[in-house]
Amino acid sequence: MCGICGFIDYKFKSEVSDINKMVQALNHRGPDDSGNMMFNSDKAVIGLGHARLSIIDLSAAGHQPMRYKKYVISYNGEIYNYAEIKKDLESLGHTFVSGTDTEVILHAFEEWGIECLDQFIGMFAFALLDLEAMDFLLVRDRTGVKPLYYHWDDQLFLFGSELKSFYQHPSFDKQIDINATHQYFNYGYVPAPYCIFKNCKKLLPGHYLKLKINTKELILHQYWDIKACYSKPCLDISYDEAVNQLDKLLISAFNYRMVSDVPVGIFLSGGYDSTAVASILQRYNSQQLKTFTIGFGEGVNEAPFAKKIAQYLGTDHKEYYCTTKEAQDIVPTLPYYFDEPYADNSAIPTILVSQFAKQDITVALSADGGDEIFAGYDHYKTLYNNLALINKIPRASNVILSHLSAFTATHLKEGDLSHKLASLSQVLKKENRQRVSQYLLDSYYAMDYKTKTKLLQNSTLFRHTVYEDDYSSFNNNLSIALATDYKMYLPDDVLVKVDRATMSVSLEGREPLLDHRIIEYVAQLPASFKFGHTQKQILKDLVHRYIPSHLMDRPKTGFDVPLKSWLMNDLSYLVEDSLNANAIADMGLFNVAFVKKLKHNFLNGRIKDFETIWKLIQFHSWYKLWIS
């Protein structure tokens with residue numbers, strides 16, 4: 001795993017010292033080596049930088065940026081099937097000087113052009129410069145496992161794995177985008193393609209961007225789309241056949257993630273997803289695998305469950321019970337590693353387990369994506385139940401609801417009632433498939449309505465474009481919810497968390513369940529295979545082939561820190577520092593009086609939902625570190 005960065009400067013102001021500073025800001029992503037290349041064209045000065053974490057071919061032959069003929073690349077990620085692709089290229093006359101997958105990408109581009117992406121199984125974010133055509137490419141993997149930001153203002157193009165590399169360029173203007181700020185307070189993170197800064201974006205998963213340097217033409221192209229997977233007809237296949245085929249896919253995907261020239265381990269929680277990874281890999285590997293779990297005396301603790309699974313599998317298992325202070329000490333570091341405001345507090349245990357595992361390994365297999373692929377979240381059940389009720393309401397009732405909504409908005413104090421009536425009216429206007437996306441928007445993805453309209457000075461919140469998609473071709477309503485989570489929550493929250501947490505200690509995180517072949521197959525299975533007599537039915541039945549069902553017989557849990565209690569006690573200083581009137585006023589974004597009221601109510605135990613307080617704390621901590 002590595003860090004990439006660079007610039008295309010049409011004003012010719014950028015220097016070698018600038019690219020060096022950008023690379024240094026990413027040193028935690030790649031402490032083993034660093035490099036840069038500079039090029040001058042008639043139109044611009046071009047710089048590519050790289051911070052390397054050595055995983056495949058640890059020799060100097062893996063130094064980046066890497067050049068082959070007319071191509072120059074700065075690459076972050078792993079192409080797990082690079083050995084097979086390399087053999088195909090060798091049969092076509094290509095010769096190689098290293099054992100790296102980086103060199104394979106360069107030769108693949110020479111041989112097949114952009115279509116080579118279709119052959120890659122892996123996680124990747126890379127920049128590729130064609131010195132003859134003067135075309136510049138940014139490419140991101142299908143699911144968005146690896147991050148990639150870019151800035152463009154018609155005179156300066158920047159790219160990087162993390163925003164902190166942009167901060168080192170003297171021409172970067174850190175202007176906060178109010179639209180992105182609204183998105184953050186709505187979701188607790190800034191969803192792609194938005195970025196917290198103006199003129200900045202995240203490259204969407206499954207996309208590549210081409211900048212034609214000589215003409216400044218910017219082209220954005222989608223080469224893979226989760227919607228295409230769910231738009232295909234359901235497979236005509238028996239349940240047993242489906243389980244057998246899934247088993248083969250998981251074995252292939254998981255074993256690919258073991259390819260490494262450095263030690264590999266597995267994050268094991270004891271839940272179905274991580275147990276699937278650990279049990280399948282241990283079954284088909286003669287070497288004893290390393291598994292890692294952290295326990296915690298407060299909140300929800302999964303360590304005992306993970307230990308039982310590890311003992312049954314016979315893995316080399318290590319667990320560490322962290323103290324409250326160790327967990328709390330992570331909190332002040334969050335704004336540094338999460339360059340944008342980020343409020344998912346599960347980042348705390350993820351960083352802790354990364355720190356623990358790094359003592360023994362350099363590559364860690366996580367098990368994210370299982371809930372989004374196999375329908376594991378409870379809100380899918382809620383969605384089903386509520387839509388069933390909504391669909392029973394006659395469409396004619398929409399006229400009555402519209403009048404009630406208008407009446408409450410005019411004659412009553414604005415609040416949740418008028419908003420809920422208006423939302424229900426909007427849902428009823430939609431066709432069946434579109435009702436699902438409208439329902440998702442107005443329910444569990446959004447922040448409390450009254451709070452979000454009073455918190456920000458500009459109270460108009462923007463609708464995220466993921467909800468505007470046409471789902472009419474989908475085979476069932478569950479698929480819409482799954483695709484929405486896969487496109488937004490998974491890459492913009494979960495994978496951001498894992499990437500920043502692992503990279504904070506220079507640990508490569510790999511995602512076996514996010515092999516694109518898995519989602520392409522599971523998306524075509526009937527909904528009842530995933531959401532039948534139990535949630536994640538097909539995955540659970542497959543895991544029971546490897547683990548006795550009684551060892552897995554427990555409610556779904558997660559590593560949950562008692563953050564609300566901390567903020568009211570040991571970490572109350574964060575509430576005081578971040579929510580005082582001067583701090584809020586200095587940012588110029590929030591209604592000071594309303595925040596003052598929120599703070600008072602929280603400290604006096606009058607707010608049950610503390611998420612808004614935490615979002616404010618994280619936003620201010622980020623602002624204080626990077627802006628003020």
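No value in this document is a laboratory result; all are computed from the given coordinates. Please read these numbers as outputs of a predicted model, since none were measured by experiment. No Cβ is skipped: glycine too gets one built from the backbone with ideal geometry, and neighbour counts run over all protein chains shown.
Can you give the relative contact order of the chain as a percent, counting alpha carbon pairs under 8 Å and 6+ residues apart?
16
Can you classify the range 465-558 as rounded, prolate or oblate using the Cα gyration tensor, where a ≥ b ≥ c are the square roots of its eigenvalues, rounded means a/c under 1.5, and otherwise it's prolate if a/b beats b/c and oblate if not? Don't skip to the end; give the middle numbers.
Numbers: a/c = 2.00, a/b = 1.02, b/c = 1.95.
In terms of gyration-tensor shape, oblate.
Once the dipole of the chain is set up with Lys and Arg at +1 and Asp and Glu at -1 on Cβ about the Cα centre, which of Y187, Y149, I237 lies farthest towards its positive end?
Y187
Of the peptides 528-534, 205-211, 347-353, how do they stack up when ordered by the mean number of other Cβ atoms within 10 Å, highest first?
Numbers: 528-534: 16.0, 205-211: 21.6, 347-353: 23.3.
Ranking the peptides 528-534, 205-211, 347-353 by packing returns 347-353, 205-211, 528-534.
Between rounded, prolate and oblate, where does the range 563-626 land on the alpha carbon gyration tensor, with a ≥ b ≥ c its root eigenvalues, rounded for a/c under 1.5, else prolate if a/b exceeds b/c?
Oblate, since a/c reaches 1.5 and b/c is not below a/b.
Can you show me the helix-derived [θ] at 222 nm for the chain, built from DSSP H runs with n ≥ 4 at -39,500 (n - 2.57) apiece and divided by the number of residues, rounded to the nearest 500.
-12000 deg cm²/dmol
Report the net charge of residues surrounding H550, where surrounding means a beta-carbon distance below 14 angstrom and charges are Lys +1, Arg +1, Asp -1, Glu -1.
Charge balance in the 14 Å sphere: +2.
Net charge near L148, counting Lys/Arg +1 and Asp/Glu -1 over other residues with Cβ under 10 Å of its Cβ?
Working: positive: R140, K146, K201, K202; negative: D141, E162.
Cβ neighbours under 10 Å give a net charge of +2.
Determine the relative contact order of the range 2-224: mean sequence separation of Cα pairs under 8 Å and six or more apart, normalised by residue count, in whole percent.
Averaging sequence separation for qualifying contacts and normalising by length gives 20 percent for the range 2-224.
Using the Cβ atoms and a cut-off under 11 Å, what net charge is assigned to the surroundings of Q222, where Lys and Arg are +1 and Asp and Glu are -1?
Details: positive: R140, R142, K227; negative: D225.
For residues surrounding Q222, the net value is +2.
Round to a whole angstrom and tell me the spacing of the C-alpha centers of the range 1-21 and the range 139-177.
Answer, in whole Å: 11.
Could you tell me whether the range 235-361 comes out rounded, prolate or oblate from its Cα gyration tensor? Rule is a ≥ b ≥ c as square roots of the eigenvalues, rounded for a/c under 1.5, then prolate if a/b exceeds b/c, otherwise oblate.
Prolate.
In the chain, with Lys and Arg counted as +1 and Asp and Glu as -1 at Cβ, which of these residues, L507, I607, Y321, has the Cα nearest the positive end of the dipole, that is, farthest along it?
Checked the options; the winner is I607.
Any cysteines in the chain with zero other Cys Cβ atoms under 4.7 Å from their Cβ? List them, or say none.
Unpaired cysteines in the chain: C2, C5, C116, C229, C234, C322.
How high is the relative contact order of the range 243-333, in percent, with contacts defined as C-alpha pairs under 8 Å that are six or more residues apart?
Details: 105 pairs, mean separation 22.9, N = 91.
Once divided by the residue count of the range 243-333, the mean separation gives 25 percent.
Among S346, I114, N385, whose Cα projects farthest towards the positive end of the dipole of the chain, with charges put on the beta-carbon of Lys, Arg (+1) and Asp, Glu (-1)?
The residue sitting farthest along the positive end of the dipole is N385.
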